[in-house]
Amino acid sequence: MAFPITDQSPIEHDAPLPSDADAVVIGGGIIGVMTAWELAKVGLKPVLLEKGRIAGEQSSRNWGWIRVQGRDLAEIPIMLEAQSMWRDLDVRVGGLGLAQTGTLFMAAKDGDMAGFQEWLDLAAPYQLSSKLLNAHELADHIPHANARWAGALYTPNDLRAEPWVAVPALARAAVEDGVTIIENCAVRMLDIEGGAVTGVITEKGRIKSERVALAGGSWSSLLLRRHGVSIPQLSVRATVAATDALPEVVSDSGVDDRLAWRRRADGGYSLAPSGFHELFVGPDAFRAAMGFLPQLRQDPLGTRYLPAAPKGFPDAWGTKRRWSADKQSPFEKMRILNPKPNARKVEKLVREFADTFPSLGAVTIKDAWAGMIDVMPDVVPVVDACAALPNLTICTGMCGHGFGIGPAFGRITAKLMQGKETGHDLSRFRLSRFSDGSTLELGPNL
């Protein structure tokens, strides 16, 4: 399968639309797939609805890291569960490209090492494999690197997988266990009676269900706003490049102040700019500006601002915010968010990777793409029941960290939909934090 998945990829799941379901999941990324699968495992008959293709957006466009390192503290126990689930999934499904290779965060200066130590101290109760490497230890660990780092934060137990292979494979396994998946089937609106969600209205018809989950990634806020629920969710463009096959100069996934890399199963490396994103300024950017000020102050140069999103994007100036159930919705006008990569960044990535590992010789690019990462002001997601719309559960705003943690958040979302205990403290991820007067604080998320 080519990477990433686009709307030109063949439709794989085209089941008939049922009139009712035990549960409906909106969104065919890893969160949606795993939510639906977890529901099927307890004997329910869920329907997963995807406006485009399974994993067509960020779930096939991410770096493929499955890391606990550097996570917000509230995510760590959930991420540990996710890593255990990934190992089980690889046994059950196979072919996910799963490998334990470790994660390296390189420090450009001594001050970075102090920040890494602070995170280590706070994460100490979880007894992670994470540790600091000084400059000499790091040089021994990556002998082929031609770089002057002050040291690194290293977590040898972290994993990686191939996103564009793994998520479709998980979807097929979910179907085998009873999940109905329908691609090219957009949910136009929630079906609401007496103030509560009683199903969904799709472009192909209505499905009745008193359990609905929204895992729509960058599109979630648009659907919620249509029903009077506002979340400060924005989307930023992130560019990724894939090299042709190269000798293995480093097996760990790594990132420094210039670029990030991950070894792929096909022998190449996936590369991305470090800490660089591009925001298309639209109506939601203005609405949410105040909430994002802490992020802007912490990293004022990490985001490039572009004047307007391409036509059809969720926060484009021309995208409708109001529509009726019997008319074409914005979700049908753009089946898959497929932004163009930043070509200059791709060229720079090639130079920087070759400079970092000169023994590679010429580095050539096999493919390049971009994805739209849905972000929240405090860099953690919303995972909660929606009090304003009973029977709706929301799991969105993964802030670029969703692939690795996806299996566990899918399990949690499935439990929330059933009114069961999740086994985790989800207060950090509550929806009400944006309206109850709470101070949105950035955690020690590296």
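The values are calculated or read from the model by the stated rules, or taken from the named source; none is laboratory data. Bear in mind that the values here come from a model prediction, so they are computed numbers and not experimental data. A quick note on method: Cβ atoms are made from the backbone with ideal geometry, for glycine too, and the neighbour counts reach across all protein chains shown. All accessible areas refer to the heavy atoms of the entire protein, side chains included, with ligands and DNA or RNA removed. Shrake-Rupley method; radii C 1.70, N 1.55, O 1.52, S 1.80 Å.
Observations on the model:
- Estimated inter-spin distance, Ala343 and Asp7, nm [label 7 Å along Cα→Cβ]: 2.3 nm
- Sequentially through region 133-140, phi angles give Karplus couplings (6.51, -1.76, 1.60; θ = phi - 60°) of 10, 6, 4, 5, 5, 5, 4, 5 Hz, Gly and Pro residues having no value and appearing as x.
- Amide proton proximity set for Leu306, modelled H, under 5 Å, gap of 5+: Leu279, Phe280, Val281
- For the pair Trp317 and Ser84, a Förster radius of 60 Å applied to the C-beta separation gives a FRET efficiency near 0.85, rounded to the nearest 0.05.
- Straight-distance crosslink candidates among lysines, where the alpha carbon sits under 20 Å from Lys41 and sequence neighbours closer than 8 are dropped: Lys415, Lys420
- Gain upon complete extension [Ala74, Lys109; 0.36 nm per residue less C-alpha separation]: 9.9 nm
- For region 216-306, the direction-averaged projected area of the alpha-carbon convex hull comes to 7.7 nm².
- Relative contact order of region 216-351, pairs being alpha-carbon contacts under 8 Å that are 6 or more residues apart, as %: 24 percent
- When only Cα pairs below 8 angstrom with a gap of at least 6 residues are kept, region 283-426 shows a relative contact order of 16 percent.
- Based on Cα contacts under 8 Å between residues 6+ apart, the chain shows a relative contact order of 23 percent.
- Here the spin labels are modelled as points 7 Å beyond Cα on the Cα-Cβ line, and at Ser19 and Met290 they lie 4.9 nm apart.
- Global geometry of region 111-171, whether rounded, prolate or oblate, following the gyration tensor of its Cα atoms and the 1.5 cut on a/c: oblate
- Across all directions, the shadow cast by the convex hull of region 54-158 built on its C-alpha atoms averages 8.2 square nanometres.
- Nearby aspartates and glutamates by direct alpha-carbon distance to Lys327 (threshold 14 angstrom, same-chain neighbours under 8 apart not counted): Glu203
- Across region 281-364, counting alpha-carbon atoms alone, Rg and Dmax equal 18.8, 60 Å.
- Separation between Cα centres of region 63-121 and region 377-434, rounded to whole Å: 20 Å
- Computed over protein heavy atoms with a 1.4 Å probe, the accessible surface of the chain works out to 40 Å² per residue.
- Under 5 Å from the amide H of Leu48 lie the amide H atoms of Val25, Thr180, Ile181, Ile182, each residue being 5 or more positions distant or on a separate chain, with H modelled from the backbone and absent for Pro and chain starts.
- Modelled label reach - Asp244, point 7 Å along Cα→Cβ, region 347-390 residues with backbone N closer than 14 Å: 361-367
- Listed candidates (1) 21.0, 67; (2) 27.2, 92; (3) 42.6, 175 - label of the one calculated as Rg and Dmax of the Cα atoms in Å: (1)
- Calculated [θ] (222 nm, deg cm²/dmol) that DSSP helices of n ≥ 4 give over the chain, each run adding -39,500 (n - 2.57): -8000 deg cm²/dmol
- Computed in the context of the full set of protein chains, the accessible area of region 164-239 at 1.4 Å probe radius has 44% of its extent on carbon or sulfur.
- Computed from Cα atoms, the angle from the helix 30-41 axis to the main principal axis of the chain rounds to 60 degrees.
- Label-to-label distance, nm, for residues given as Asp367 and Ala150 (7 Å Cα→Cβ offset): 3.8 nm
- Computed on the Cα trace of region 314-432, the radius of gyration divided by the Kirkwood hydrodynamic radius gives Rg/Rh = 1.10.
- Shape of region 394-440, Cα gyration tensor, a/c cut at 1.5: oblate
- Acute angle (nearest 10 degrees) that the helix 402-417 long axis makes with the longest principal axis of the chain, alpha-carbon atoms: 30 degrees
- Extension gain, Thr422 to Val281: 0.36 nm times the residue separation minus the Cα-Cα distance gives 47.1 nm.
- Whether region 1-97 is rounded, prolate or oblate, judged on the alpha carbon gyration tensor where a/c under 1.5 counts as rounded: oblate
- HN-Hα J in Hz across region 146-155 - Karplus 6.51, -1.76, 1.60, θ = phi - 60°, x for Gly and Pro: 10, 8, 10, 9, 6, x, 7, 9, 10, 10
- Cα pair count fraction exceeding 15 Å, expressed as % - region 153-256: 78 percent
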